[in-house]
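Okay, structure first, notes after.
The values are calculated or read from the model by the stated rules, or taken from the named source; none is laboratory data. What you see is a predicted model; the values in this text were computed from it and never measured. So basically every Cβ, Gly included, is an ideal-geometry build from the backbone, and we count neighbours across all protein chains shown.
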């Protein structure tokens, strides 16, 4: 039996002006309601938030409608998979315990409708991105995160926001060469037997065939909101308006 799987990436809630964020969240909540009626599972492939720092007893305010729409999904039996990106990396147990999402820090190997998928945000997979990989190990170090959590939330979230902007500037200005570095990573996975390799991170929407497989990048909601849908053995990227 063919099921319907939905995918989104790089929404970056909290990045833009309040008026833009309000409209972006309105579109996102509308999509999540659509997913509730049309999908078996939802994959959030990183950077749902432009920054996320979750304390033991505190989580940042804002985007309440998004959080409740996600909880509505899981309560309806729709499985939500959340890949931690390079911006929304500081999660504890809120999304797992309160919303019911399945959280991932690393890419996964999974079969959907009989096809083998390699799914991950994509950060750290470009060969010449040594600087970011060092930064990633520092930012995701659990001991350092615990120490950082002692900072007052108002200060901690402000620092996290500035760090997020630095990370985004680094990614946007980084010269990865003429080739799409994630496409090169995808080729290796397809050579290993994957049918589909799906990333976000680079904010460049694409759907490329390589040998017997496909490299898919979901792009970003910053310019043109879209989602991926896989059903009946066919994958599509659909504009969401």
I need the full set of residues from segment 215-241 which are over 28 Å from residue 22 (Cβ atoms) and in contact with a helix residue (DSSP H, G or I) (Cβ under 8 Å, 6 or more places away or on another chain), in order please. 215
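Table: residues versus (1) crowded, with 17+ Cβ neighbours inside 10 Å; (2) at pLDDT below 95.
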| position | (1), (2) |
| --- | --- |
| 178 | no, yes |
| 185 | yes, yes |
| 200 | yes, yes |
| 209 | no, no |
| 213 | yes, no |
Residue under evaluation residue 82, criteria (1) outside any helix (DSSP H, G or I); (2) modelled with pLDDT under 95, criterion not met: (2)
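Here's the yes/no breakdown for (1) surrounded by fewer than 19 Cβ atoms within 10 Å (Cβ to Cβ); (2) at negative phi:
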position	(1), (2)
9	no, yes
14	no, no
36	yes, yes
53	no, yes
75	yes, yes
80	no, yes
96	yes, yes
102	yes, yes
Taking residue 47 as meeting all but one of (1) at pLDDT 95 or above; (2) outside any helix (DSSP H, G or I), write down the number of the exception. (1)
Can you find even one residue in segment 104-120 that is modelled with pLDDT of 90 or more, assigned to a loop (DSSP other than H, G, I, E, B) and under 21 Å from residue 24 (Cβ atoms)? no
When segment 220-231 is checked residue by residue, the ones that are surrounded by 23 or more Cβ atoms within 10 Å (Cβ to Cβ) and assigned to a loop (DSSP other than H, G, I, E, B) are 221
Of the residues in segment 61-73, those that are part of a loop (DSSP other than H, G, I, E, B) and crowded, with 18+ Cβ neighbours inside 10 Å come to 63
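Filter segment 1-29 for residues that are over 18 Å from the mean Cα position of the chain (by Cα) and either over 18 Å from residue 230 (Cα atoms) or in a strand (DSSP E or B) (or both) and give the result.
Narrowing segment 1-29 to residues over 18 Å from the mean Cα position of the chain (by Cα): 1-4, 17-20, 22-23, 26.
Scanning segment 1-29 gives 17, 18, 19, 20, 22, 23, 26.
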Restricting the search to segment 188-213, which residues are touching a strand residue (DSSP E or B) at 6+ places or on another chain (Cβ under 7 Å), in a helix (DSSP H, G or I) and under 12 Å from residue 125 (Cα atoms)? 189
